[in-house]
Amino acid sequence: MASPKRLQGLTAATITPMTPDGEINLSVIGQYVDYLVKEQGVKNVFVNGTTGEGLALSTQERKQLAEEWVTKGKNKLDHVIIHVGALNLPEAKEMAKHAAVIGASGIAAIAPFFFKPTNKDTLVAFLREIASEAPGIPFYYYHIPSLTGVKIRVEELLDGIKEQIPTFQGVKFSDTDLLDFAQCVKNNKERFVLLYGVDEHLLSALAMGASGAVGSTYNYLGKKYNLMLEAFAKQDLVLAQQHQFCTGEFLSFVFKLGFGVAQTKAVMSFTSRIPMGPPRLPLLSASMDFIEKAKAKMDSLME
Ligand SMILES: CC(=O)N[C@@H]([C@@H](O)[C@H](O)[C@H](O)CO)[C@@H](O)CC(=O)C(=O)O
């Protein structure tokens, strides 16, 4: 699926569907692809990331999911990016090699977060080992310091990275440090794809020059965010703000109830009517109270 098109627009950070007893449920991925494309207008996916509970899955499960997304996305999706980050290099490398073999359009990796890299050079060395297993497809760094605790500034990381990692293509920037993000854009806009990952701040990141966005809410609010991207491209800031405020109203509401990957699964289940199942421990399923309130809010906003 190596795509000649540069990654832009919205990318859904996919949820991993599970059966009621907690096994991965590959049988609904085809339906999921169609839902994203037809109902949300989203044609790029980021598989096995945070939303996909990638770090709670076995390597075998991650490879099965990657294969299913590539297979079912063929001729429907533009980009299938597989997150292959892991705490140990051998598994990350194995998944990188596998992603290339099955025809993924790119791979991404987070920084390891148990034994953490303490400086840019060790982080680049770790990422280089992974990327070199898939020399024919683009590599993206997945920056999510709130979860990894690795706070090496991306501006610093990008300086000279192409010489170290020839397939380096860009960053999935899941942080609110817009100064760091802006510096990345200023120094690299022509060379790299800079994808923003905090959905509720996307309009600010577009103003800073983001190439696109990767996030969980594009699974079920993609249509709205696409309208925002359109309005922004036409320089209609007032309309773009209206769309950001609308999605923001939903997120602000659910944040107060307690919101994370488990709740995202529940929201996607009632929005798409595709059963996403429970999350895997240590995450716990969203409560019925959450589901009822979130559904009522969504219905009121989408009327
Ligand atoms: C911490 C977290 O889960 N962040 C999400 C956001 O999409 C987030 O769910 C959204 O902005 C709502 O806060 C993404 O950045 C994560 C992501 O893209 C992924 O699943 O890999």
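Read the figures in this text as sums done on the coordinates, not as results from a lab. Just so it is clear, the structure is predicted and the values come from calculations on it, not from any experiment. So basically every Cβ, Gly included, is an ideal-geometry build from the backbone, and we count neighbours across all protein chains shown.
Odds and ends about this structure:
- 3J(HN,Hα) from dihedral phi, region 179-192, Karplus parametrisation 6.51/-1.76/1.60, rounded to Hz, x for glycine, proline: 6, 4, 4, 4, 5, 4, 5, 4, 8, 9, 3, 6, 8, 10
- Our note on the geometry: Cα centres of region 228-303 and region 134-184, 27 Å apart.
- For q = 0.19, 0.26 Å⁻¹, Debye-computed log10 I/I(0) when each Cα of region 1-55 counts as one equal scatterer: -0.75, -1.15
- Put in order of Cβ neighbour count within 10 Å, fewest first, the listed residues SER105, SER287, SER216 become SER287, SER105, SER216.
- Taking other Cβ atoms within 10 Å as a rough exposure proxy, HIS243, HIS83, HIS201 sort from fewest to most as HIS201, HIS243, HIS83.
- Loop-resident trypsin sites (Lys or Arg not before Pro) (DSSP state other than H, G, I, E or B) in region 196-259 with no more than 13 further Cβ atoms inside 10 Å of their Cβ: LYS234.
- Taking 0.36 nm per residue of separation and subtracting the Cα-Cα distance, full extension of the segment from ALA296 to VAL37 would add 90.8 nm.
- Trypsin sites (Lys or Arg not before Pro) within region 273-303, DSSP loop, no more than 11 other Cβ atoms inside 10 Å: ARG273
- Helix-derived mean residue ellipticity, 222 nm - over the chain, DSSP H n ≥ 4, -39500 (n - 2.57), to 500: -13500 deg cm²/dmol
- Pairs of alpha carbons in region 42-133 whose separation is greater than 14 Å (percent): 61
- Normalised per residue, the volume of the convex hull around the Cα set of the chain (Å³): 122
- In region 139-169, trypsin sites (Lys or Arg not before Pro) in a DSSP loop with at most 12 other beta-carbon atoms within 10 Å: none
- Amide proton proximity set for GLY106, modelled H, under 5 Å, gap of 5+: VAL80, ILE82
- Here the chain is assigned +1 on the Cβ of each Lys and Arg and -1 on the Cβ of each Asp and Glu. Its dipole about the Cα centre then comes out at about 400 debye.
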